[in-house]
Amino acid sequence: MKFTLPSILALISVAPLCAAGKPNVLFIMSDDHAAHAISAYGGRLSKFAPTPNLDRLAKEGALFSNAFCTNSICSPSRACVLTGQYNHVNGAVDLAGRVMPGKQMLAIEMGKAGYETAMIGKWHLKVEPRDFDYYCVLPGQGKYHGPSFRVRGDKPWGKNLIEFPDKHSTDAITDLTLDWLKGRSKDKPFFLMHHYKAPHDYFENAERYESYLADVDVPEPETLWKRHPKFGSLATRGNDDELIPHVGTSIGNRNPRRSYLRDLPGRFPKEFPENYDPADHSDEENTRLAYNAYLKKFLRCVKGIDDNLGRLFKHLEQSGQMDETLIIYTGDQGFMLGEHDYQDKRWMYEESMRMPFLVRYPKTVKAGQRFDTIIENVDYAPTMLDFAGASIPKSVQGRSFKSLLETGEEADDWKKAAYYRYWMHMAHHDNPAHLGMRTKRYKLIYFYGCNYQGGYQTPAGWELYDMEKDPHETRNLYHDPKHAELAKSLKSWLGKVRKRVGDDGSHYPECEKIVREFWDYDEADQAKAREISAQYLARRKKELSEGIRNFRTSGKP
């Protein structure tokens, strides 16, 4: 057998990793990247906006259709991944969430296992990622164009910056990762968290993608136009539908406080007709214009990610590391792409709660696998630690699914339900606080409707969906007499799941009082919820009349 110089160098570069028997671990996370915007998932956008490099991971590895975040918001989801804990335990329940140095478990344990650790891109956890050997992270949300990054240095945390004035953040983050990979000594395997800012809204793609999808109409979800009469509940519709304009920010003009119809024309005028004036168009035309602007900008950002992953994978192949590396791709949560006329995330509805999750490691993970096993973002850290041969601390609440990936068999004692809780009551995108449970077939959502101190109440309500028969969540079965026993059984199960994960209400006791008050949801509870609906409507009208667009509602100091 003849060896060329490149092949010899490749063998040398990976020899220490093979000898150690440990894979490199590359954890790639994008922000707000919904699973149904990856063509491997086969959604309505799959043929319209393909993602070939992401699809490669699914084709050559495994795809999970039931991967869920425990709280569909940026900082809490990232904290779950880093700690392996639910947010009521790690303390990062909202956008103020942080994981202090010394508590950044995943980096610490990977380091103990002999890995060189790095965090590059969007961090969004406030404090220094000091437990990583190397970091280069965006300040807060960071900028799409001309981004700066925080690095270690002589100055205090946050003051040591490097800047890329002429680059898009997706390109810059990939460049930084490639530079780090090329410059490292390779005497250890690496653990790298490679996090993109894109496609977080408001979506600003690299200029080279402006023509992408420019002259076509984006496929629409049916629920953008048709709100089924049985969708939602008193919590999300109000009494006699009086809160429909005020719960959940919208694509079209449904929500008078915040909508893409209101926000996008000023930000992205090229996506709208010249001299665009909403008054010159019908509601349907305005909604379609806003939807297309929204989706095109989003999908152009996704295209940038997919292309940059091609660059990253090419380097791994050329350096002989592609098949020596456990590659995971996910988003920090899903995203509403017009479903139910909702924007953003936060909801426990499927498009928001579901995370994309793709895994490639050909040494032990068979290609082409698709799993419907319930996994949560608290399970990601122990799984990576398991592949690395690292210790999994007792503080970790999640569980490794390495054996599932390697055998294709779901363990008999694996969890049968995912737990969810969104705390930021009516903040930013007018989503009521709620908690719930997702099984393979059913979803039970409890909108308890208050802030951390039990205040700023919106009406409580329960929703139950059969995800097998109604995957787009259009018919709430909770009040259907035919499903009364099912609702009772699932509610009891939800109580047990809360106990299992440790969400006992002690974290915010005034909030827990409201949770318990409406738990039974008998006739008296429903009557009070209708009263709260009227009270909230009056309050919202007053706030709008006073021109308050961004009033504080979450209630947490």
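Listed values, structure above:
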| quantity | calculated |
| --- | --- |
| Karplus (6.51, -1.76, 1.60) ³J(HN,Hα), θ = phi - 60°, over segment 424-440, in Hz, Gly and Pro reported as x | 7, 3, 6, 8, 6, 10, 6, 9, x, 4, 7, 9, x, 9, 10, 9, 4 |
| Phi to ³J(HN,Hα) by Karplus 6.51 cos²θ - 1.76 cosθ + 1.60 over segment 532-540, Hz, x for Gly, Pro | 5, 4, 5, 5, 5, 4, 4, 5, 5 |
| In sequence order, calculated HN-Hα J values of segment 80-89 (Karplus, 6.51, -1.76, 1.60; Hz; x Gly/Pro) | 4, 5, 6, 9, x, 10, 5, 5, 5, 9 |
| Approximate spin-label separation GLU510-HIS281, in nm, with each point projected 7 Å along Cα-to-Cβ | 4.4 nm |
| Set LYS126/LYS296; LYS103/LYS513; LYS122/LYS296; LYS230/LYS440; LYS59/LYS197; LYS197/LYS496 screened for pairs whose C-alpha atoms are more than 28 Å apart | LYS126/LYS296; LYS103/LYS513; LYS197/LYS496 |
| Extension gain, ARG130 back to TYR202 (0.36 nm per residue minus Cα-Cα distance, nm) | 23.0 nm |
| For segment 391-411 versus segment 56-134, the gap between their alpha-carbon centres in whole angstrom | 16 Å |
| Where a label projected 7 Å from the Cα of HIS228 along Cα→Cβ would reach, residues of segment 329-364 with amide N under 13 Å | 340, 350 |
| Around LEU213: net Lys/Arg minus Asp/Glu count, Cβ-Cβ under 11 Å | 0 |
| Global form of the chain, assessed from the alpha-carbon gyration tensor, a/c cut-off 1.5 | prolate |
| Long-range amide H partners of ARG346 with built H, under 5 Å | SER72 |
| Radius 13 Å from Cβ of LYS297, net charge of other residues (Lys, Arg +1; Asp, Glu -1) | -2 |
| The chain - percent relative contact order, Cα under 8 Å, separation 6 or more | 21 percent |
| Förster radius 25 Å - calculated FRET efficiency between ASP323 and ASP372 (Cβ-Cβ, nearest 0.05) | 0.40 |
| Gain on full stretching of the segment that runs from GLU410 to LYS112 - 0.36 nm per residue minus C-alpha separation | 104.4 nm |
| Long-range HN-HN contacts of THR117 with modeled amide H, under 5 Å | ASP133, TYR134, PHE191 |
| Ellipticity estimate at 222 nm from DSSP helix runs (n ≥ 4, -39,500 (n - 2.57)) divided over the chain, nearest 500 | -10000 deg cm²/dmol |
| Farthest toward positive dipole pole in the chain [+1 Lys/Arg, -1 Asp/Glu at C-beta], among GLY146, ILE73, THR407 | THR407 |
| Those aspartates and glutamates that a straight Cα-Cα span of less than 18 Å connects to LYS314, excepting residues fewer than 8 apart in one chain | ASP55, GLU60, ASP171, ASP175, ASP179, ASP306, ASP323, GLU324 |
| Euclidean distance between Cα centres, segment 439-504 to segment 232-255, Å | 18 Å |
| Lysines whose Cα lies under 22 Å from that of LYS542, excluding same-chain neighbours fewer than 8 positions away | LYS528 |
| Dipole in debye (nearest 20) - segment 419-545, about Cα centre, beta carbon charges: Lys, Arg +1; Asp, Glu -1 | 260 debye |
| Positive-end residue of PRO382, ILE392, GLN369, charge dipole of segment 318-424 with Cβ unit charges | ILE392 |
| Net dipole in debye of the chain [+1 Lys, Arg Cβ; -1 Asp, Glu Cβ; about Cα centre; nearest 20] | 1280 debye |
| Given charges at Cβ of Lys, Arg, Asp, Glu: segment 419-545 dipole, positive-most of TRP462, LEU444, MET426 | LEU444 |
| Beta bridges by DSSP in the chain, antiparallel share as percent, to the nearest 5 | 50 percent |
| 19 Å Cα cut-off, lysine pairs counted over segment 346-432 (separation 8 or more, or different chains) | 6 |
| Debye, to nearest 20: dipole size of segment 363-415, +1 on Lys, Arg Cβ, -1 on Asp, Glu Cβ | 240 debye |
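Computed from the coordinates by the stated procedures, all read-outs in this text should not be read as laboratory data. Fair warning: this is a prediction, and the values are worked out from it, not measured in the lab. All Cβ positions, glycine included, derive from the backbone under ideal geometry; neighbour counts span all protein chains shown.
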